[in-house]
Amino acid sequence: MKLMNITIEKHNILAQIAANNVEKTIFNSINTKGKANIVLATGNSQILFLKELRKKLIPWEKVVIFHLDEYIGLKEDHHSSFRKYLIDNIIKHINPKQFHPIKADAENLEEEIKNYTSLLNENPIDLACIGIGENGHLAFNDPGVANFNDIKSIKVVELDNECRMQQFNEGWFDSIDAVPRTALTLTISAIMAANHISCFAPDERKALAVKNSLEGKIKPSCPASILRNHSSVKLYLDPPSASMLSN
């Protein structure tokens, strides 16, 4: 088990600290190899972080951006699409070198998986900016489908009830029945393959998942617990999300 760097601060300050550190990591990658390949997460908990990140004087024309997951069947212009979320919250503000969205509305999902896998293989991830779900998931790797030894980089998954309820409670859908039941997601293996991980996880509703991730056993029933096995993780918590930690 590796030593994890943990910051606990008020949400607005936390977002600034996380954005500052992400900026440094991106610059280091650019200085080393001329570009940076990063993954960005979505959801209500990431909005303030992305707002701070897009203010940074990063040479975005040297940054390739991937994203973590997308609902199967949702068009890019759907108000709950994660592609639309990223475009609205950061992509349209920064003009990156490339943005590779997951096209989970593609007619041929097997072909989309094949193409996205090739993109990931051609562009090893320098930094994965992620969050932790209320059920402890990373991306859409819920406890029932998380595989710490996945041979795939991206796959189709079924979303569990707790995950779907989180999406409804965050206001992305008008009813729980409207929340899609399947998605395309980067796997645990793909996330853990990143050179560095920045995990931004504020909010009291994440407190139990944070506690289980840091103090429970490292096992797929709490997918985020695997972060303790990564050599370079920065975890950002606010007092509410850290409130159940024993230390």
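Side notes on the structure shown:
- Cα-Cα over 19 Å, subset of Lys24/Lys234; Lys55/Lys97; Lys24/Lys155; Lys10/Lys234: Lys24/Lys155
- Separation of alpha-carbon centers, the stretch 56-90 and the stretch 142-165, rounded to whole Å: 20
- GluC sites (Glu not before Pro) restricted to DSSP loop in the stretch 152-199 with at most 16 other C-beta within 10 Å: Glu170
- Summarising the strand pairing of the chain, around 30 percent of its internal DSSP beta bridges are antiparallel.
- Legend: ranking of residues Thr187, Thr117 from fewest to most surrounding C-beta atoms inside 10 Å; resulting order Thr117, Thr187.
- The structure shown yields Rg and Dmax of the Cα atoms in Å, and of the options (1) 41.8, 136; (2) 19.7, 70; (3) 16.6, 49 that calculated value carries the label (3).
- Relative contact order (percent, whole number), the stretch 145-241, Cα cutoff 8 Å, 6+ residue spacing: 31
- Only Lys, Arg, Asp and Glu carry charge here, each on its Cβ (+1 for the first two, -1 for the last two); on that basis the stretch 49-107 has a dipole of about 400 debye about its Cα centre.
- Sequence-separation-based contact order of the stretch 121-186, relative, with Cα cut under 8 Å and 6+ spacing, percent: 32
- Taking the chain as a Gaussian network of alpha-carbon nodes connected by springs under 10 Å, the highest mean-square fluctuation of the residues Ile47, Ile176, Ile38 belongs to Ile176.
- Among the chymotrypsin sites (Phe, Trp or Tyr not before Pro) within the stretch 128-228, those in coil by DSSP and having at most 16 neighbouring Cβ atoms inside 10 Å are Phe148.
- Which of Thr185, Thr42, Thr7 has the fewest Cβ neighbours within 10 Å, and the rest in rising order: Thr7, Thr42, Thr185
- Relative contact order %, the chain, counting alpha carbon pairs below 8 Å whose residues are six or more apart: 25
- Taken about its Cα centre, the stretch 1-133 carries a charge dipole of roughly 680 debye when the Cβ of each Lys and Arg holds +1 and the Cβ of each Asp and Glu holds -1.
- Value of [θ]222 nm, deg cm²/dmol, for the chain, DSSP H segments ≥ 4, -39500 (n - 2.57) each, nearest 500: -8500 deg cm²/dmol
- Comparing Leu237, Leu127, Leu74 in a Gaussian network model of the chain (Cα springs below 10 Å), the most mobile by mean-square fluctuation is Leu74.
- Net charge dipole size for the chain [Lys, Arg +1 and Asp, Glu -1 on Cβ; Debye, nearest 20]: 980
No value in this document is a laboratory result; all are computed from the given coordinates. Predicted model only: the values in this text are computed from it and were never measured. Please note: Cβ atoms are built from the backbone with ideal geometry, for glycine as well, and neighbour counts cover all protein chains shown.
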